[in-house]
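A short write-up of the structure that comes next.
Just so you know, all these numbers are worked out from the coordinates, no wet-lab data involved. This is a predicted model, so every value here is computed, not measured. Positions of Cβ are generated from backbone atoms using ideal geometry, with glycine treated the same way; all protein chains shown enter the neighbour counts.
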Amino acid sequence: MLVEDGVALDCEMMQLRTGRQVVARVAIVSWDETILLDEYVCVAASEVGDYVTRISGVREEHLVGTRPFEAVQAAVCAYVENTNVYTPSPQGPAFQRHRHSTQTERN
């Protein structure tokens, strides 16, 4: 699917020891397939209950030297400000379109 009016965004999640799910990796790609952002998010290994590697591909070593959530969030906001954001649809191989809001929260 060629999307000329926005960016595609996808995230990988992991589970903390508390059971809460948080972002482990975020990627943003432009309509011409240029990778705009592909970053892991800093979480202390002692806080992680499950990297969900079998689904996410995320491993402990990927998180070494990464930026904190707030820094990655700011980078994401810079790319998606005032643009359409396409994310994978939970129903299948389609995409959902979202309009970015500047009021975002961490999962």
| message | Just to confirm my filter: which strands (runs of 3 or more DSSP E) fall fully inside the range 5-72 and include at least 1 residues that are among the β-branched types (V, I, T) and free of Cβ contacts under 8 Å to residues at least 24 places away in the same chain? | response | 21-30, 35-40
| query | Does I28 satisfy the criteria of being surrounded by fewer than 17 Cβ atoms within 10 Å (Cβ to Cβ) and out of contact with any Asp or Glu (no Cβ under 7 Å at 6 or more places or on another chain)? | reply | no
